[in-house]
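See structure below.
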């Protein structure tokens, strides 16, 4: 990537729901002297947003505005060549953003997005990985609510186990322990529904494999199919109902966000099997109270998947959407929102007392505000730590955890708390 460019960051799709939150966070909380711009299709909307950002910043300054009339490779390349990092909030990504990724890969421009569209992420990795590496671009999709928290939780557990017991991880079970949310934005809902319109049943099935993004799935026969966990087994009844119990995490059931999160975590592990462990397995669930709730949630998600598979029922579901694309919960309604993730990782080492790591992730606030903080903090981390990140991971499609402990430390200052602690006996090092 060229060292001298006009901007440090360009935020594309700044006038959308998530884009506005991201722009607001960039304005209010980034103390580093950076030069940035907002980009979109409408000059009037961009100007209005810039004026609001200027009035709220207290510094009397506002980001530059850039109009992108069409999301073609040619148009996006013009702006990609002017910035070090492009933050992309234009979704549905599978519908609009493939040219954006291509432009960044060809221009040597670092790229972040906040998608959770695993089939699309799989597609762009296959198409543009070599191009990105050749042009020295770092591309990190899914650095929002999906799937940065899960990836950072897994990284924190593996890091602790490596430091204490000098070994990898066999199994890791993660649970959304608490999720108080004001609901999904119109863009998120449109994206989820649109995947069923855009991709075939075969493509969706392949992308549901937790290892579909892992490099090991292409070169290691052990990962051509989802391996069984090493340290626990589910009964047939638990598999059918989706409800089971796990020590320290309680009663667990199916999580609607598990798919993209598991795929990203396994990509991280697949890129570094000597660090994570060759038998590493990550599974994500939702914690529920004992009783019928878990069974009802699992059953509801099963029927929702069936309904989404058929165009007529999919059309009916679209008619009940609370928000249109570009709309979402108000800031006031999200003030008491909260997410907490708890996870247990089992060390790949035999001992009388099981050696484990327990990780806790907490954020107080709206889920889209969390997404804004995750993406902005990731961009700042890459600007500051680029040499370290590239030396360790190289270029191409990376995962959020590739930004390392520096990212986690900066997130802590941004109100995103990730804590890992040791369970079991003392370390062997």
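Which three extents, in whole angstrom, do the alpha-carbon atoms of the range 165-277 cover along their principal axes, largest first?
45, 35, 29
Based on DSSP H runs of at least 4 residues, each adding -39500 (n - 2.57), what is the mean residue ellipticity at 222 nm of the chain after dividing by all its residues, to the nearest 500 deg cm²/dmol?
-14000 deg cm²/dmol
Quick check on the range 1-47: take the gyration tensor over C-alpha atoms, sort the square-rooted eigenvalues as a ≥ b ≥ c, and tell me if it's rounded (a/c under 1.5), prolate or oblate.
oblate
Kindly rank 78-91, 108-121, 173-186 from highest to lowest mean number of other beta carbons found within 10 Å of each residue.
Top to bottom by mean Cβ count within 10 Å: 108-121, 78-91, 173-186.
Hull surface divided by four, with the convex hull built on the Cα atoms of the range 59-136: how many nm²?
Average projection, Cα convex hull of the range 59-136: 5.8 nm².
Bin by bin, in steps of 5 Å, what percent of the Cα pairs in the range 238-377 do you find, going until the bin that has the longest distance?
Each 5 Å bin holds this share of Cα pairs: 2, 7, 11, 15, 18, 19, 14, 8, 4, 1, 1, 0.
What is the pair-distance distribution P(r) of the chain, computed from all Cα-Cα distances in 20 Å bins starting at 0, with each bin given as a whole percent?
26, 60, 14, 0
Rounded to two decimals, what is Rg over Rh for the range 269-338 when you use alpha-carbon atoms and the Kirkwood radius?
My calculation of the ratio gives 1.13.
How long, wide and thick is the range 85-206, going by the Cα atoms along their three principal axes, in whole angstroms, largest first?
45, 40, 29
What residue among 303, 155, 358 has the largest mean-square fluctuation in a Gaussian network model of the chain, using Cα springs under 10 Å?
Per the Cα network of the chain with a 10 Å cutoff, 303 tops the list.
Using all Cα-Cα distances in the range 279-320, what percent lands in each 10 angstrom bin from 0 up to the longest?
The distribution over the range 279-320 is 24, 33, 30, 12, 1, given as percents.
What is the fewest-to-most order of 25, 274, 368 by other Cβ atoms lying within 10 Å of their Cβ?
With the sparsest Cβ surroundings first, the list reads 274, 25, 368.
Of all the Cα-Cα pairs you can form in the range 1-141, what percent are over 20 Å apart?
43 percent
Nearest 10 degrees is fine. How inclined is helix 258-271 to the longest principal axis of the chain, computing both from alpha carbons?
The angle comes out at about 90 degrees.
Cα convex hull of the range 310-403: how many Å³ per residue?
It comes to 241 Å³ per residue, whole-number rounded.
When only alpha-carbon atoms count, how far does the range 329-377 stretch along each of its three principal axes, as whole angstroms with the largest first?
If we take the Cα atoms of the range 329-377, the spans are 51, 22, 11 Å.
Which ordering of 342, 314, 233 is given by a fewest-first count of other beta-carbon atoms within 10 Å?
Least to most surrounded, the residues fall as 233, 314, 342.
For the range 248-307, which semi-axes, largest first and in whole Å, follow from the square roots of 5 times the eigenvalues of its Cα gyration tensor?
Values: eigenvalues 157, 46, 8 Å².
So the three semi-axes of the range 248-307 are 28, 15, 6 Å.
Read-outs throughout are calculated quantities, based only on the coordinates presented, and are distinct from any laboratory measurement. Since this is a predicted model, take the numbers as computed values, not measurements. Heads up, the Cβs are rebuilt from the backbone with ideal geometry, glycines too, and the neighbour counts pull from every protein chain shown.
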